[in-house]
Amino acid sequence: MGSEWSLVFFTSFVDLGCGLFVALAINEWFSINPQVRWKGAIAVLVALGMGGISSVLHLGHPERIFGALGHPTSGIFLESSMIGITGICVLVYIFALNRNATAQTLKAITLVGSIPAVILAFAVGDSYVMASRPAWDTLVLPFAYLGSAAVMGCFAYRILVVNPSDSLVSQSTLVSQGLLILQAALVIAYVVTLSNAPYSDASRSATQVLAGGFAPLFWGAIVIVGLLIPFVLNTIKKESLATSISATLGLVCVFIGAAAFRVLMFNLGTTVWQFF
Amino acid sequence: MKNTMVIDLDRCIGCYSCEIACKMENDVALGVYYNKVLTIGPTGTFPDIEQYFLPTICQQCYDAPCVGVCPTGATYKSADGTVLVNKELCIGCKYCMMACPYGARSFNETQKVVEKCTLCGQLQAIGEKPACVKVCCSKARLFGDIDDPKSDVSIALREAGSDNIHSLPDSGNHPSVKYILHRKTATWQATPPKETWRTTNQSGRKGDKQHG
C-alpha cells in the first residue's frame, strides 16, 4: 500500500500531543516549572486537533463517523474515544488553570488525563497489528508508536521551558537521551521482527529496509534525522547552542523520524497474498 | 449455511471470461477487480514445466478479519455466510482493506466507499448463480452451500478427495473458498504468485493497478 499521509500525520500529531500531555503531568507531579502549563496545554490541544483533522481527511465519508460509536471492538472506536477523553481532560486542565486551581487539583487532572493519553499513543499503533499484513503483525509496532510519543513529548516540553535551571537541563537531557536509546532499540527490534515475519516476501523484508529501496528512508530519515541528530543536539553544551533552539531542532528531527517510521510501516504493509 | 465457491483448477483454461462477466454484472470500475485470474507459473525445469490459472475472489472467510475491524458494522456477514458491505454505513476508512490478507477489497473512488465481491447477491435474489459461475465455459466454478452435503460444491469436494483440495494461505481467517487441483495437472503453489505481466503492461491491458 502507499504512504497513507493522512494516517501518518494523524498518528504523528496524536502521539506528539499525548507525549506532551504526559510530560505536563510529570511537570505537575514534580512541581518542576509552572510556566509551561498554559503553553503546554494549548500545544496539546493543537496537536490533538491537527491529528483529528488529519484522520478525517483519510475518511471517504467523515459525516458517518458517529456510526463508529456503536461498535466498541474496532480500533477506530478506541482511537476516537481516547482522543475525545484526552481532549476533554486537557480542556478541564485549562479550565482549572483559568480558575487558579490548587496544585493538588492540577496533579489529579493530569494524572487522570495521562491514562487515556498513554492508551491513545499505544492504540494508534495497535490498530495496525493484523495478521493479514505480516510486517505489521507485531506488538513492537505499538510500542514504537508509544516510544515516539515519549520522545516527541520530551523534546516539545523542553521547548516550552523558559530559562531552565542547569539541573533541569541536565535532567531533561538525560531523559531524552534515554528515550532516544529506547526508541533506537524499538526500531532495531522492529527490523529483527521483519526478518522473522511469516509469509516472507521481498516487498517487506529486512533486506529491503536495510539495503534495498527503503534504505534511504530508514537510514536517512529514521536513523540519522530521527535518532542520531537529536542525540547529538542533546549532547551540545548550553553555551554553544541555546537550549530552546536545540530543543526545537530536536523536536523537528524526532517528528520527521516518527513520521518516516510510519511511512516505512505503511510501505512495508503488503498483504499475505496480494490478488489485485 | 455457508454459501461459497469451489473452483476446479483442473478445468480452468484461463479465458478470463469470469473477470469480464464480473465487471459487467457489477459495474466494476476500470483498473479494479472483484475477481481476477492469476497465472501461476510456469514452474519447474524444461521440459518438465507446469502452469495453472488461479481465479481469485473474496475468500468468504469463516473468521473474516474485515468484519472485526469495521468501525461502523458496514462490513457484515449475511445469514447465508456471505461477507458483504453496506455502502450506506461505510465511512471509507479502508481498515477492512488493510485487514484482508489477500487484498480482495477495493476503494470506489466515486462513491468513496469500499467494495468487494458480493457473490452477485442481485442474481441470487432472482434464483440465478453468480455471473462468473454462469459464464464459465469449462464449468470450473461451482457455487453453493458448503454445509449442505447435497450441494454442488460439497459433491465436487467429496469427489476430488482431500489431497486435491487446496486453500489460499490462512493467517487465522479460515478462507471458505476451495480450489481443486490434481497433481496430474500441476503442483499447488502455496507461496504467493509472482505475476508480473499485468503490472508491466506488456500485454496491452493498460489500467491494471495495485489496490489495498
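Scanning region B:156-183 for residues that are in a helix (DSSP H, G or I) and surrounded by 14 or more Cβ atoms within 10 Å (Cβ to Cβ) turns up B:ALA156, B:LEU157, B:ALA160, B:ASN164.
In the set A:TYR190, A:TYR145, which member is modelled with pLDDT of 95 or more, of a type in the set (Ser, Thr, Tyr) and within 14 Å of the chain's Cα centre (by Cα)?
Numbers: A:TYR190 fails: within 14 Å of the chain's Cα centre (by Cα).
Going through A:TYR190, A:TYR145 in turn, just one is modelled with pLDDT of 95 or more, of a type in the set (Ser, Thr, Tyr) and within 14 Å of the chain's Cα centre (by Cα): A:TYR145.
Only one entry in A:PHE255, A:PHE261, A:PHE275 is in contact with a Ser or Thr (Cβ under 9 Å, 6 or more places away or on another chain), buried (at least 16 other Cβ atoms within 10 Å of the Cβ) and farther than 30 Å from B:SER171 by Cα, namely A:PHE255.
Let me confirm something: among A:SER127, A:SER81, which residue is surrounded by fewer than 18 Cβ atoms within 10 Å (Cβ to Cβ) and either under 18 Å from A:TYR190 (Cβ atoms) or within 13 Å of chain B (Cβ to nearest Cβ) (or both)? Give the steps one after another, and end with the answer.
On the way: A:SER127 fails: surrounded by fewer than 18 Cβ atoms within 10 Å (Cβ to Cβ).
Every option except A:SER81 fails the conditions.
Would it be correct to say that A:GLY87 is more than 24 Å from A:LEU179 (Cα to Cα), surrounded by fewer than 23 Cβ atoms within 10 Å (Cβ to Cβ) and within 14 Å of another protein chain (Cβ to nearest Cβ)? So A:GLY87 does not fit the description; no.
Within the group B:THR4, B:THR56, B:THR39, which residue is touching a Ser or Thr at 6+ places or on another chain (Cβ under 6 Å), hydroxyl-bearing (Ser, Thr, Tyr) and assigned to a strand (DSSP E or B)? Lay out the reasoning, then the answer.
Details: B:THR56 fails: touching a Ser or Thr at 6+ places or on another chain (Cβ under 6 Å); B:THR39 fails: touching a Ser or Thr at 6+ places or on another chain (Cβ under 6 Å).
Going through B:THR4, B:THR56, B:THR39 in turn, the sole match is B:THR4.
Of all residues assigned to region B:70-80, none qualifies as being in a helix (DSSP H, G or I) and more than 8 Å from chain A (Cβ to nearest Cβ).
Residue check: is A:GLY153 within 14 Å of chain B (Cβ to nearest Cβ), assigned to a helix (DSSP H, G or I) and under 16 Å from the mean Cα position of the chain (by Cα)? Spell out the reasoning first.
Values: within 14 Å of chain B (Cβ to nearest Cβ): no; assigned to a helix (DSSP H, G or I): yes; under 16 Å from the mean Cα position of the chain (by Cα): yes.
Judged against the criteria, A:GLY153 is not a match.
Of the residues making up region B:30-66, those that are surrounded by fewer than 16 Cβ atoms within 10 Å (Cβ to Cβ) and hydrophobic (A, V, I, L, M, F, W, C) are B:LEU30, B:PHE46, B:ILE49.
Within region B:67-84, if we keep just the residues that are within 16 Å of the chain's Cα centre (by Cα) and surrounded by fewer than 23 Cβ atoms within 10 Å (Cβ to Cβ), the residue that is nearest to A:GLY60 (Cα to Cα) turns out to be B:LEU84.
Does B:LYS178 satisfy being closer than 26 Å to B:TYR62 by Cα, away from chain A (no Cβ under 14 Å) and modelled with pLDDT of 50 or more? So B:LYS178 passes the test. A:ASN100 passes every criterion in (1) outside any helix (DSSP H, G or I); (2) in contact (Cβ under 8 Å) with a residue 12 or more places away in the chain apart from (2).
Results for (1) assigned to a helix (DSSP H, G or I); (2) out of contact with any Asp or Glu (no Cβ under 9 Å at 6 or more places or on another chain); (3) within 17 Å of A:PHE266 (Cα to Cα), shown as yes or no for each residue.
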| position | (1), (2), (3) |
| --- | --- |
| A:VAL8 | yes, yes, yes |
| A:ILE32 | no, yes, no |
| A:ARG37 | yes, no, no |
| A:LEU45 | yes, yes, no |
| A:GLY52 | yes, yes, no |
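Consider A:ILE76 carefully, then state whether it is of a type outside the set (Gly, Ala, Ser), in a loop (DSSP other than H, G, I, E, B) and crowded, with 18+ Cβ neighbours inside 10 Å. No; evaluated as a whole, the condition is false for this residue. Restricting region B:141-159 to residues that are free of Cβ contacts under 8 Å to residues at least 24 places away in the same chain and not charged (D, E, K, R) leaves a set whose member that is nearest to A:SER200 (Cα to Cα) is B:SER154. If you filter region A:52-70 down to residues that are over 25 Å from A:VAL252 (Cβ atoms) and not hydrophobic (A, V, I, L, M, F, W, C), you find that the one that is farthest from the other protein chains (Cβ to nearest Cβ) is A:GLU63. Scan region A:124-173 for residues that are among the charged types (D, E, K, R) and either within 23 Å of B:GLY172 (Cβ to Cβ) or in contact with a Leu (Cβ under 6 Å, 6 or more places away or on another chain) (or both) and the total you get is 3. Region B:93-155 holds helices (runs of 4 or more DSSP H) entirely within its bounds, and those carrying 2 or more residues that are more than 14 Å from every other protein chain (Cβ to nearest Cβ), at pLDDT 95 or above and crowded, with 19+ Cβ neighbours inside 10 Å map to B:131-135.
Can you confirm whether A:GLY75 is more than 14 Å from every other protein chain (Cβ to nearest Cβ) and touching a residue at least 24 places away in the same chain (Cβ under 8 Å)? Judged against the criteria, A:GLY75 is not a match. Would you pick out the residues in region A:239-266 that are out of contact with any helix residue (DSSP H, G or I) (no Cβ under 8 Å at 6 or more places or on another chain) and of a type in the set (S, T, N, Q)? Within region A:239-266, just A:SER240 meets the criteria. Tell me whether region A:35-51 contains one or more residues that are crowded, with 20+ Cβ neighbours inside 10 Å, farther than 24 Å from A:TYR145 by Cα and either touching a helix residue (DSSP H, G or I) at 6+ places or on another chain (Cβ under 7 Å) or within 14 Å of chain B (Cβ to nearest Cβ) (or both). For region A:35-51, residues crowded, with 20+ Cβ neighbours inside 10 Å, farther than 24 Å from A:TYR145 by Cα and either touching a helix residue (DSSP H, G or I) at 6+ places or on another chain (Cβ under 7 Å) or within 14 Å of chain B (Cβ to nearest Cβ) (or both): present. Between A:SER172, A:SER200, A:SER167, the distinction of being surrounded by fewer than 19 Cβ atoms within 10 Å (Cβ to Cβ), at pLDDT below 95 and part of a helix (DSSP H, G or I) belongs to A:SER167 only.
The values are calculated or read from the model by the stated rules, or taken from the named source; none is laboratory data. Quick caveat, the model's predicted, so the values are computed rather than measured. Note: ideal-geometry Cβ built from the backbone for every residue, glycine included; neighbour counts use all protein chains shown.
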